[in-house]
Amino acid sequence: MFFERIAKLRHLLAFRLTLWYAAIFVLSASIAYVMIYFSLRSSIRDRVDEDLFIQSNEFETILTLQGPEMLQRAASIQAQAAGEKKMFFRFFYPSGVVFSSSNMSYWKTIGISRKAVDSIMRGEKRVYTTPIAKNGKHTVRILYSRVSDFVILQLGYSLESEYSLLLSFQRTFTVTMSVLGAVAVAVGWFMARRALSGVASVTRTARRISESDLKTRVPLLHRHNEIDQLALTFNQMLDRIQKLVAGTLQMNDNIAHDLRSPITRIRGLAEVTMINAGNLEEYRQMTAGTIEECDRLLSMINTMLTISRTEAGIGLGILEDLDFKALVWDACELFQPLAEDKGVMLAHQLEDVAPIKGNKAMLQRMVANLIDNAIKYTPCDGAVTVVLEAEDNANAVVLTVSDTGIGIPIEEQPKIFNRFYRCDQSRSQSGAGLGLSLARAIAYSHGGQIKVKSDLQAGSAFSVKLPV
Ligand code: ADP
């Protein structure tokens with residue numbers, strides 16, 4: 001159970017951060033310890049060496065000025081004053097024979113180092129050694145120095161009190177660092193948990209969303225930090241997803257609704273014919289009706305596909321330089337007979353404009369949809385005007401198709417570009433509600449925009465702006 005919890009903890013970012021934090025703390029504490037310890041030790045040793053050196057100089061002067069007896073006496077006084085357990089001396093000949101020493105009962109285990117004597121004999125003035133006393137209790141610092149041609153001095157100084165200082169430093173440092181380390185780990189854990197609490201809240205929200213609805217949002221703490229940025233971005237993403245899902249649901253509804261009508265019609269036609277038809281001619285008529293409905297269905301499905309592909313930015317193919325004026329002109333010519341049939345006057349004023357880059361077939365469809373709508377929703381004796389002009393210092397072209405038709409209610413204007421949307425007043429007219437969606441998709445895919453201005457019963461004006 002305990003190990004399972006630890007294994008789980010191991011994967012937590014807060015736990016890892018704390019671990020790193022603790023590791024860095026321990027490493028820096030150890031480096032600090034090593035540095036302080038060695039600099040303390042070397043400064044202690046330097047001080048002791050200096051003392052030993054001064055002392056040996058003093059002995060040398062006494063020997064030269066006052067002779068060996070005075071030296072012996074002065075050395076004994078010094079050793080006694082310092083304490084027999086603190087300091088000792090030996091005077092000996094290069095052969096190793098001792099001729100005078102302090103009370104050595106405490107220092108029995110410390111002998112004369114042959115190596116040091118050899119170095120002195122080779123001409124070295126002073127040699128320091130640090131042997132460990134055989135009782136192992138403490139270290140001693142020893143100076144070998146030549147005080148005259150035939151006399152060598154061995155002067156020893158116990159490092160016991162200095163080392164106990166180091167030891168107490170060691171203890172204090174370890175205890176302080178352990179306490180500080182524990183506090184640092186606790187604070188590190190707390191800080192890491194606190195810093196990551198925002199992430200946990202994002203995770204909780206994400207979990208709740210996958211379980212229930214798309215309306216939940218991560219609460220913002222307004223601390224203006226990275227976590228707030230994350231929450232904000234996450235919420236924005238949710239907004240987009242929610243819109244997309246709503247759009248998809250709406251489209252599913254529309255598709256189901258709008259495909260049902262033609263299929264119901266086909267079925268009705270077939271049923272009536274089956275029940276009533278007596279001869280081949282009636283069957284032929286039914287077949288013709290079925291084909292017509294199927295064609296409408298197919299065209300609807302194809303248009304839906306084209307809209308999706310265009311909105312997704314595929315299916316435009318290679319763009320070519322187009323004479324947009326000629327394209328609009330052709331479209332007006334094409335719709336002239338239809339307008340005349342309906343008693344609508346179709347006029348155009350087309351300025352010369354720079355060529356635009358685009359897909360010809362797509363742009364033809366867009367222009368045709370706008371002119372077709374204008375004629376369709378304008379009663380007899382009305383007028384449709386197509387205007388093409390340059391804008392933005394000839395960097396853009398604007399095509400405006402205006403009519404004097406039934407107009408569009410203001411509250412419905414933003415919706416008419418949605419797939420399958422048809423205003424109530426225009427339901428008597430044929431159509432699937434896909435023309436403007438396609439026109440908008442084509443305008444957008446060419447880097448353009450489409451707008452509508454309309455007054456009910458006064459007319460509408462659709463304008464498309466395309467970059468040159
Ligand atoms: P459809 O014309 O096939 O119904 P559209 O997508 O072309 O579909 O148009 C969507 C709706 O916008 C139409 O059903 C109609 O209500 C409205 N509409 C479009 N163009 C005009 C116009 N020129 N005048 C009045 N209403 C229009």
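The values are calculated or read from the model by the stated rules, or taken from the named source; none is laboratory data. Worth saying up front: this structure is predicted, and the values here are computed from it rather than measured. Cβ atoms come from the backbone with ideal geometry, glycine included; neighbour counts cover every protein chain shown. The accessibility values were calculated without ligands, DNA or RNA, using every heavy atom of the protein model including side chains. Shrake-Rupley method; radii C 1.70, N 1.55, O 1.52, S 1.80 Å.
With each label point set 7 Å from Cα along the Cα-Cβ vector, what nm distance links Ala82 and Asp213?
9.0
Using the alpha carbons of the chain, what is the convex hull volume per residue in cubic angstrom, as a whole number?
353
Per residue, how big is the convex hull around the C-alpha atoms of the stretch 198-346? Give it to me in cubic angstrom, could you?
Taking only Cα atoms, the stretch 198-346 has a hull volume of 261 Å³ per residue.
How many nm is it between the label spots at Arg114 and Leu244, if each spot is 7 Å from the Cα in line with the beta carbon?
8.9
Enter the accessible area per residue of the stretch 226-311 (Å², integer; probe 1.4 Å; all protein chains in place).
Dividing the accessible area of the stretch 226-311 by its residue count gives 70 Å².
Any number yet on Rg/Rh for the stretch 226-311, C-alpha, Kirkwood?
Working: Rg = 22.1 Å, Rh = 16.4 Å.
That ratio equals 1.35.
What percent does the relative contact order of the chain come to when contacts are Cα pairs within less than 8 Å and at least six residues apart? Don't jump to the answer; show the numbers that get you there.
Values: 595 pairs, mean separation 43.9, N = 468.
Computed value for the chain: 9 percent relative contact order.
In Å and on Cα atoms, what radius of gyration and Dmax does the stretch 2-165 show?
24.3, 83
What is the ratio of the Cα radius of gyration of the stretch 320-467 to 2.2 N^0.38 Å, with N the residue count, to two decimals?
Working: Rg = 14.5 Å, N = 148, 2.2 N^0.38 = 14.7 Å.
Taking the Cα Rg and dividing by 2.2 N^0.38 Å, one obtains 0.99.
Which of the listed residues, Gly358, Leu196, Gly96, is farthest toward the dipole's positive end in the chain, when Lys, Arg count +1 and Asp, Glu count -1 at the beta-carbon?
Of Gly358, Leu196, Gly96, it is Gly96.
Going by alpha carbons, how many degrees (0 to 90, nearest 10) lie between the helix axis of 435-445 and the longest principal axis of the chain?
40
Counting only protein heavy atoms, what percent of the accessible surface of the chain is carbon or sulfur at a 1.4 Å probe?
59
Between the alpha-carbon centers of the stretch 238-278 and the stretch 75-117, tell me the distance in whole angstrom.
Using only Cα atoms to place each centre, the spacing works out to 115 Å.
How far apart, in nanometres, would the label points at Met345 and Tyr37 be if each is projected 7 angstrom from Cα along the Cα-to-Cβ direction?
10.6
Report, in listed order, any pair from Lys215/Lys465; Lys243/Lys342; Lys243/Lys451 with a Cα-Cα distance greater than 31 Å.
With Cα atoms farther than 31 Å apart: Lys215/Lys465; Lys243/Lys342.
Suppose all protein chains stay in the model; what accessible area per residue would a 1.4 Å probe give for the stretch 2-165, in Å²? Display every interim value, and only then the final one.
Details: 9950 Å² over 164 residues.
On a per-residue basis, the stretch 2-165 sits at 61 Å².
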